[in-house]
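The values are calculated or read from the model by the stated rules, or taken from the named source; none is laboratory data. Since this is a predicted model, take the numbers as computed values, not measurements. Reconstructed Cβ throughout: ideal geometry from the backbone, glycine too, with neighbour counts over all protein chains shown. When the accessible area is computed, the model is the full protein with side chains, heavy atoms only, and any ligands, DNA or RNA have been set aside. Shrake-Rupley method; radii C 1.70, N 1.55, O 1.52, S 1.80 Å.
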Protein chains: 2
Amino acid sequence: MKISCMKGKLMQGISNVSKAVSTKTTHPILSCIFIEAENGNIKLTANDMEIGIESYVEGTVIEEGKVAIEAKLLSDIVRKLPDSEIHMETNEDFKTTIKCEKSLFTIAGKSGEDFSSLPVVEKSKYITISQFTLREIINQTIFSISDSEYNNVMTGELFEVSNNRLRVVAIDGHRIAIRNVELKDESQDVKVIVPGKALSYISKIVNGGVDDDVNIYFADNNILFEFDRTKVVSRLVEGEFFRIDNMLNVDYQIKFTINKREFLDCLDRSSLLIKESDKKPIKLTIEDNMLYLKIDSLIGSMNEEIEIHKEGSNIIIGFNPKFLMDAIRAIDDDDITIYMNNTKSPCVIKDEEENYIYLILPMGIGSR
Amino acid sequence: MKISCMKGKLMQGISNVSKAVSTKTTHPILSCIFIEAENGNIKLTANDMEIGIESYVEGTVIEEGKVAIEAKLLSDIVRKLPDSEIHMETNEDFKTTIKCEKSLFTIAGKSGEDFSSLPVVEKSKYITISQFTLREIINQTIFSISDSEYNNVMTGELFEVSNNRLRVVAIDGHRIAIRNVELKDESQDVKVIVPGKALSYISKIVNGGVDDDVNIYFADNNILFEFDRTKVVSRLVEGEFFRIDNMLNVDYQIKFTINKREFLDCLDRSSLLIKESDKKPIKLTIEDNMLYLKIDSLIGSMNEEIEIHKEGSNIIIGFNPKFLMDAIRAIDDDDITIYMNNTKSPCVIKDEEENYIYLILPMGIGSR
């Protein structure tokens with residue numbers, strides 16, 4: 001194999017696929033990037049057997065061939081080379097030279113015979129959304145998945161397409177995060193669970209804006225994200241997702257609007273007094289047009305008050321401040337509206353169009 | 001105690017003294033910041049018994065008093081408060097309230113009876129340099145101290161004043177770093193060893209420029225750095241520093257000038273092929289007007305060449321690339337000049353005025 005390409009392009013390709021390189025593995029091949037030079041194309045692939053990523057790199061193929069190289073070493077070398085043209089060449093023993101200006105590295109490569117290429121994903125069912133939107137909906141829901149080993153379904157997010165709308169749902173037993181997106185094109189109905197790990201990787205490598213699209217293809221066992229010159233394939237999570245619709249069709253007794261920034265800063269401060277293991281609730285007293293916050297812990301106490309605009313009755317209710325913060329942080333609006341019923345049922349934070357919906361279960365605050 | 005001050009001023013004071021807060025201690029008082037409000041002044045002090053820092057905070061003393069508060073909690077609370085006026089008040093049990101806008105924290109404090117104030121340092125011998133220069137000379141030498149437990153003297157830096165010149169020396173057994181600074185004012189001769197830890201802290205809190213001075217006072221057992229409204233006192237390292245002068249008065253057979261950036265980038269790349277534990281040298285072949293670099297390790301090999309301007313004979317010599325990098329990185333010049341004699345004696349990197357001098361011992365490269 002003999003190829004040449006600009007350092008920047010190669011580095012971009014390497015960082016794209018690196019997310020699917022396995023770092024803790026007894027199979028050395030899983031920690032490699034597989035480089036294929038064929039038909040004038042340079043293709044990089046990494047595959048940790050759960051997620052596979054391939055990315056084409058702009059460059060010149062001088063001699064076709066293949067080689068697998070330890071990903072970290074390749075990435076470190078290319079990163080430190082000058083911003084210039086890189087020449088890579090592999091001999092019959094897969095010894096590989098990487099040359100750039102006056103710098104010449106010689107490292108060992110592997111044939112890659114045992115490298116698993118990406119599975120072929122059937123391209124019949126698909127949707128198209130912007131890279132910006134995909135990144136947003138992932139970042140605005142991913143914190144609500146669970147890393148529970150007992151309930152696999154909670155480790156992924158529901159991707160549901162119906163009536164030309166994509167609904168993304170994450171649920172961890174204490175809270176639900178939902179994002180709804182109108183689709184531009186007509187689409188077939190779909191209901192799959194995508195592993196959180198794959199979504200988290202994708203959110204880091206789709207760097208495009210509102211005008212750059214990503215195609216998402218849904219097959220029986222796999223999902224394929226295709227954008228720019230990159231493909232990400234992930235297996236799907238098996239199992240049936242929770243039915244959540246009857247939790248959403250509820251009338252609320254209490255509704256109030258609050259400044260997002262003020263509420264978030266205040267919750268952030270309250271978290272200073274709680275150790276993760278404490279599970280101390282923050283107590284919200286909603287009275288007329290004022291929200292009083294109070295936290296009492298072994299470390300100390302905090303009291304604050306924030307003006308709100310309220311409709312409905314008064315309530316005293318407790319929450320895990322982290323759960324409120326995660327949801328509120330994900331919202332772009334200056335003011336947010338929160339709905340409640342009683343001290344036992346979840347509060348709901350949503351906008352009028354229901355582009356986002358966050359349900360959070362309250363915590364008992366005893367008689368304090 | 002009852003005081004008020006702006007959040008920004010208080011936060012600055014807290015971060016200044018926080019460097020001397022002990023984090024791993026069985027004495028709870030050492031992990032506290034001691035606040036004293038007296039004679040209209042608000043003074044914060046932290047003291048881990050090796051280094052003590054005190055810093056005055058601009059503000060209003062409404063009621064005199066003292067309190068010691070756990071440093072991390074105080075710092076976290078103040079950091080997260082709004083950018084506004086902070087009111088602090090302590091009752092007879094040292095319970096302390098911190099109020100800012102609508103936010104009210106109540107936390108436990110301590111009397112601070114067992115808090116050790118800073119030792120009084122005699123102010124007879126001193127020098128004045130700019131904060132900028134102090135930070136520079138520390139950053140340009142501190143990497144050459146040793147963390148050896150066996151030789152205490154190597155854990156500090158020599159501060160030597162003679163003929164109105166300050167010489168700072170750090171030595172770790174394999175290399176020496178020296179910075180010389182002309183002093184503006186006439187000064188008495190001094191020769192002390194300052195602990196590296198204190199110097200590292202100071203370099204982080206002197207944020208002033210070339211026009212902001214720092215006074216350095218030398219006493220028998222302590223050194224005091226005084227700047228802005230802050231004092232840092234450190235004990236000195238006991239013992240006699242190495243005599244290095246006969247190592248410096250040497251004639252060199254070989255002298256060459258090299259572009260700093262090119263050399264540094266090249267050494268940086270070579271370090272990819274060496275594991276810390278390997279102790280592999282980089283082989284420099286200096287021939288006519290070219291420097292050839294070569295490294296061979298289990299991971300792979302690297303070859304590079306850089307144009308130089310040389311006087312004297314040719315040489316093949318090995319170095320720990322990290323030691324070369326540390327020294328070169330600390331130099332501001334675009335081109336650097338390196339002096340050598342033979343494969344056994346140290347190479348010297350210095351400018352003509354000897355503002356900086358770096359000596360680095362070579363490594364054996366065998367017959368490779």
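B:T128 meets the conditions (1) in contact with a helix residue (DSSP H, G or I) (Cβ under 7 Å, 6 or more places away or on another chain); (2) part of a strand (DSSP E or B); (3) of a type in the set (S, T, N, Q) in every case but one. The failed one is (1).
Taken over the range B:131-170, the criterion of being more than 24 Å from B:M247 (Cβ to Cβ) and open to solvent by 10 Å² or more (accessible area, probe 1.4 Å) is satisfied by B:F132, B:T133, B:R135, B:E149.
Restricting attention to the range A:188-209, and to residues there that are at pLDDT 90 or above and part of a loop (DSSP other than H, G, I, E, B), which single residue is nearest to A:I51 (Cα to Cα)? Among them, the one singled out is A:V206. When the range A:311-325 is examined, which residues are found to be within 16 Å of A:A177 (Cα to Cα) and open to solvent by 20 Å² or more (accessible area, probe 1.4 Å)? Of everything in the range A:311-325, those that are within 16 Å of A:A177 (Cα to Cα) and open to solvent by 20 Å² or more (accessible area, probe 1.4 Å) turn out to be A:N320, A:K322, A:F323.
Kindly indicate whether any position in the range A:50-67 is within 14 Å of chain B (Cβ to nearest Cβ), crowded, with 18+ Cβ neighbours inside 10 Å and in contact with a strand residue (DSSP E or B) (Cβ under 8 Å, 6 or more places away or on another chain). Yes, the range A:50-67 contains at least one residue that is within 14 Å of chain B (Cβ to nearest Cβ), crowded, with 18+ Cβ neighbours inside 10 Å and in contact with a strand residue (DSSP E or B) (Cβ under 8 Å, 6 or more places away or on another chain).
Annotation note: of B:D265, B:D332, the sole residue that is loosely packed, with under 14 Cβ neighbours inside 10 Å and free of Cβ contacts under 8 Å to residues at least 40 places away in the same chain is B:D332.
Every listed requirement among (1) surrounded by fewer than 20 Cβ atoms within 10 Å (Cβ to Cβ); (2) within 9 Å of chain B (Cβ to nearest Cβ); (3) acidic (D, E) is met by A:E304 save one, (1). Among the numbered conditions (1) among the charged types (D, E, K, R); (2) under 31 Å from the mean Cα position of the chain (by Cα); (3) modelled with pLDDT under 95, the only one that B:R261 does not meet is (3). So, of the residues in the range B:274-284 that are surrounded by fewer than 15 Cβ atoms within 10 Å (Cβ to Cβ) and free of Cβ contacts under 8 Å to residues at least 40 places away in the same chain, which turns out to be farthest from the other protein chains (Cβ to nearest Cβ)? Here the answer is B:S277. The one condition from (1) closer than 29 Å to A:I360 by Cβ; (2) in contact (Cβ under 8 Å) with a residue 60 or more places away in the chain; (3) open to solvent by less than 70 Å² (accessible area, probe 1.4 Å) that A:I205 does not meet is (1). Per the conditions (1) within 14 Å of chain B (Cβ to nearest Cβ); (2) assigned to a loop (DSSP other than H, G, I, E, B); (3) not basic (K, R), the sole criterion not satisfied by A:F115 is (1). Whenever a residue of the range A:163-175 is farther than 12 Å from A:I360 by Cβ, its partners that are open to solvent by 50 Å² or more (accessible area, probe 1.4 Å) and among the charged types (D, E, K, R), lying with C-beta atoms within less than 9 angstrom and at least six residues away or across chains, give the pairs A:N163/A:D189; A:N164/A:E182; A:N164/A:K184; A:N164/A:D185; A:N164/A:E186; A:R165/A:E182; A:L166/A:E182.
Test B:I62 against the criterion of being touching a Cys at 6+ places or on another chain (Cβ under 7 Å), farther than 30 Å from B:G196 by Cα and aliphatic (A, V, I, L, M), and give yes or no. No, not satisfied.
Scoring A:L30 on the criteria (1) in contact (Cβ under 8 Å) with a residue 40 or more places away in the chain; (2) within 14 Å of A:D114 (Cα to Cα) leaves a single failure, condition (1).
Residues in the range A:242-265 that are farther than 21 Å from A:R179 by Cβ and part of a loop (DSSP other than H, G, I, E, B) were compared, and the one that is farthest from the other protein chains (Cβ to nearest Cβ) is A:D251.
Exactly one residue among A:I357, A:I315, A:I338 is out of contact with any Ser or Thr (no Cβ under 6 Å at 6 or more places or on another chain) and closer than 12 Å to A:T257 by Cα, and that residue is A:I338. Going through the range B:19-38 one residue at a time, which ones are open to solvent by 30 Å² or more (accessible area, probe 1.4 Å) and modelled with pLDDT of 95 or more? Once the filter is applied, which keeps residues that are open to solvent by 30 Å² or more (accessible area, probe 1.4 Å) and modelled with pLDDT of 95 or more, the range B:19-38 yields only B:E38.
Scanning the range A:266-273 turns up at least one residue that is charged (D, E, K, R) and either within 12 Å of chain B (Cβ to nearest Cβ) or touching a helix residue (DSSP H, G or I) at 6+ places or on another chain (Cβ under 9 Å) (or both). Put simply, of B:L73, B:L81 the only residue that is in contact (Cβ under 8 Å) with a residue 40 or more places away in the chain and within 11 Å of chain A (Cβ to nearest Cβ) is B:L81.
Mind listing just one residue for me: the one in the range B:87-112 that is away from chain A (no Cβ under 13 Å) and touching a Cys at 6+ places or on another chain (Cβ under 9 Å) and, of those, surrounded by the most Cβ atoms within 10 Å (Cβ to Cβ)? Only one residue tops the list, namely B:M88. Scanning the range A:96-114 for residues that are closer than 15 Å to A:I33 by Cα and of a type in the set (K, R) yields one hit, A:K110.
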